[in-house]
Amino acid sequence: MSLRRDFDVVIAGGGLVGAACAALLTATPRTAALRVALIEPKPAQRPLKGDPIDLRVSALSHASCALLAAVGAWPRLLEREPCAYQRMIVWDSSGTATDSDALVFDAAEVSEADLGHIAENRAIAAALIERAVAGGTVLLDTPLTGLELSPELARLSLGERRLNAGLLIAADGADSPARGFAGLAVEGSAYPQEAVVAHLTPTEAHRHAARQRFLPDGPLALLPLADGRVSLVWSTAPAHAEALLALEDAAFGDAVTLASDAVIGALEASGPRARFALRRFQAQRYVATRFALVGDAAHTVHPLAGQGVNQGFLDAGRLVEELGAALGRGEDPGDARGLGRYARARRAENALVGAALDGLWHLFADPRAGVRRVRRKGLGLVNRAGPLKRFFVGHALGR
Ligand SMILES: Cc1cc2nc3c(=O)[nH]c(=O)nc-3n(C[C@H](O)[C@H](O)[C@H](O)COP(=O)(O)OP(=O)(O)OC[C@H]3O[C@@H](n4cnc5c(N)ncnc54)[C@H](O)[C@@H]3O)c2cc1C
């Protein structure tokens, strides 16, 4: 039995979070000498200049933007003009976006130029993969099909091919095959909602504000895009989501205009739409022998606060920091002590964020009139209470 390692670290999944792990490993001085491979069957292709903005976009916190800058991916992303958003307006459908009970976060209130950027998922992943490969990461396009973990090695199967690694990082998404191979269980449940996404053109300027209206069926968010359009994320009952996808463009635009209370005028729809099942879960354990989970493979949350990628990037940052620290102490990067420190820190933080978002979701899903009144007043209260508001803005920035 050979104990030869083909790679020190192999990452399964080159979506946003796996690509961030690879780019961070190569850009961090302490881990830069590690031999790293990234397994991704469908690596993101960089959108070309002039390509329309992709359907999948993410609201990135300051911490996420800083990570992209630290690994050298930000300049490449700038070519796709990520849209800075300077305000966030949240309101309940029993009120309006302009009344005193609407919650308004303004970057200027925390002496920042913006609250974050809306960027295309494909462009982010492609920029990160480009940096990782430039730093020596080997890109493999055959999916991970099997895994055996032992104290000495992670033995990987990629179809017919066998590879040995010192550590396998599983970043292969919410249905993570690697998590299954490692036998790690998850706890959580599905939301009775799906998210409908589309880009629409408003008749009024979005003025770099992200808006979210809480409807009885779920939250509807409009995120500003650099081309003047807005990106819709409308969480609603699955049957309604299906019906929305089947509508003609004009009827779909009318439905979103009505549901958004025409907050930026009438919305015109054209181009693709998609819907996504929503669930919240967390892996019971983030690590096993020579194995670590990151990103959606470890946890998913409701998209109502746009936190999934941001949490995943924080996982990537913390894991690479612990691997670097382990190397600094002369330990093997797959050593259980460093992995344990990563797991304790990130699992606790992600559990807190998941529970907070789930609580918010339940609060807004409650149809009782008394609860509606209280939450509407609650939003207004947060809006007027300076320290509480600064706390929420700080969290949204990823501080
Ligand atoms: C509608 C919607 C809106 C959202 N908006 C935001 C937002 O504004 N901000 C935010 O922070 N988050 C947002 N999120 C969450 C965010 O999209 C996810 O958290 C994020 O995409 C997770 O990235 P990931 O890299 O962990 O997983 P994924 O993006 O799922 O990537 C997993 C990768 O693993 C690969 N893979 C799968 N199987 C294998 C295998 N066997 N071997 C090798 N590779 C494999 C896949 O090809 C894929 O590329 C949103 C989610 C939804 C549904």
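No value in this document is a laboratory result; all are computed from the given coordinates. Bear in mind the structure is a predicted one, so any value in this text is a computation, not a measurement. When we count neighbours, we look across all protein chains shown, and the Cβ atoms used for this are built from the backbone with ideal geometry, even at glycine.
Values computed for the structure shown
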item: Rel. contact order, % - alpha carbon contacts under 8 angstrom, at least six apart, the chain; result: 22
item: Selected from 288, 345, 174 as most flexible by GNM, with the chain as the system and alpha-carbon contacts under 10 Å; result: 345
item: When the convex hull of its Cα atoms is projected in every direction, mean area for the stretch 200-276 (nm²); result: 4.6
item: Where trypsin sites (Lys or Arg not before Pro) fall in DSSP loop in the stretch 268-346, at most 13 other Cβ within 10 Å; result: 329
item: Of 132, 325, 178, the one that fluctuates the most in a GNM where the chain has Cα springs shorter than 10 Å; result: 325
item: Sequence-separation-based contact order of the stretch 104-170, relative, with Cα cut under 8 Å and 6+ spacing, percent; result: 15
item: Cβ-defined net charge surrounding residue 13, 14 Å radius [Lys, Arg +1; Asp, Glu -1]; result: -4
item: The chain - Kirkwood radius from inverse mean 1/r over Cα pairs (Å); result: 21.9
item: Normalised convex hull volume, the stretch 168-230, alpha-carbon set, Å³ per residue; result: 150
item: Per-residue ³J(HN,Hα) for the stretch 81-98, Karplus 6.51 cos²θ - 1.76 cosθ + 1.60, θ = phi - 60°, Hz, x for Gly and Pro; result: 6, x, 9, 5, 10, 9, 9, 10, 10, 10, 8, 8, 5, 7, x, 10, 5, 10
item: The chain - mean residue ellipticity at 222 nm from DSSP helices (-39,500 (n - 2.57) per run, n ≥ 4, rounded to 500); result: -11500 deg cm²/dmol
item: Listed residues 44, 108, 97, most fluctuating in the chain (Gaussian network, C-alpha, under 10 Å); result: 108
item: Distance from the stretch 103-136 to the stretch 255-323 (C-alpha centre basis), Å; result: 14
item: Sorted by Cβ density within 10 Å, fewest first, the residues 42, 49; result: 49, 42
